[in-house]
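The values are calculated or read from the model by the stated rules, or taken from the named source; none is laboratory data. For clarity, every value in this text was computed on a predicted model and none was experimentally measured. Glycine also receives a Cβ, built like all others from the backbone with ideal geometry; neighbour counts cover every protein chain displayed. With ligands, DNA and RNA removed, areas are computed over all heavy atoms of the protein, side chains included. Shrake-Rupley method; radii C 1.70, N 1.55, O 1.52, S 1.80 Å.
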Amino acid sequence: MRTEPGTFDLFIIGGGINGCGIARDAAGRGLSVGLAEMNDLASGTSGASTKLFHGGLRYLEYFEFGLVREALAEREVLLRAMPHISWPMRFVLPYHGDMRFDVGTPASRLLAAVMPWMKGRRPSWLIRTGLFLYDHLGGRRILPGTATLDLDSDPAGGAAQIC
């Protein structure tokens, strides 16, 4: 849109993640945007966060498949839009047969009803099924899928080295 000099279609106060995201989206839609921040961009709460883009893996235990799909799709958008400031980070999810569910999740209640002898433990097939869903729900194109590691032989199983 065309505006008079010194005026904006949208003026945003706060240059955190939300303010910057709204400004970027509005500018991409053709609006003239002004943004005011008291300090540097992302210097407050946004600057103190982990800055991890995640896909909501934990929401699978709540059967929130739509939310996981949205989060994964948004992660792909962010990785494509900002390759200069975002990059993949490898996580290792260790498994032990005595791992327990949070007893309040729908997945734990279902498992307790169907397999009461598990007594809240997470079977490996359930973890693998969840990771398979996670890999395929969001239309993953950029990041590699889940891989199984033998932590006895893979370097990821070693103790962290502190320099």
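Within this structure, A27 fails the test of being open to solvent by less than 50 Å² (accessible area, probe 1.4 Å), small (G, A, S) and free of Cβ contacts under 8 Å to residues at least 40 places away in the same chain. Just name the residue that is surrounded by the fewest Cβ atoms within 10 Å (Cβ to Cβ) out of those in the range 71-105 that are within 18 Å of R24 (Cβ to Cβ) and touching a residue at least 60 places away in the same chain (Cβ under 8 Å). The qualifying residue surrounded by the fewest Cβ atoms within 10 Å (Cβ to Cβ) is R80.
The number of residues in the range 31-42 that are part of a loop (DSSP other than H, G, I, E, B) and surrounded by 10 or more Cβ atoms within 10 Å (Cβ to Cβ) comes to 5. Residue pairs whose Cβ atoms lie under 8 Å apart, sitting 6 or more positions apart in sequence or on different chains, and linking a residue in the range 51-68 that is over 16 Å from G139 (Cβ atoms) and free of Cβ contacts under 8 Å to residues at least 60 places away in the same chain to a partner that is assigned to a loop (DSSP other than H, G, I, E, B) and open to solvent by 90 Å² or more (accessible area, probe 1.4 Å), are L52/M89. The residue list L111, L52, L60 contains one member that is under 28 Å from G21 (Cβ atoms), part of a helix (DSSP H, G or I) and of a type outside the set (D, E, K, R), which is L60. Note on the range 117-145: among residues that are closer than 17 Å to V92 by Cα and of a type in the set (V, I, T), the one that is surrounded by the most Cβ atoms within 10 Å (Cβ to Cβ) is I127.
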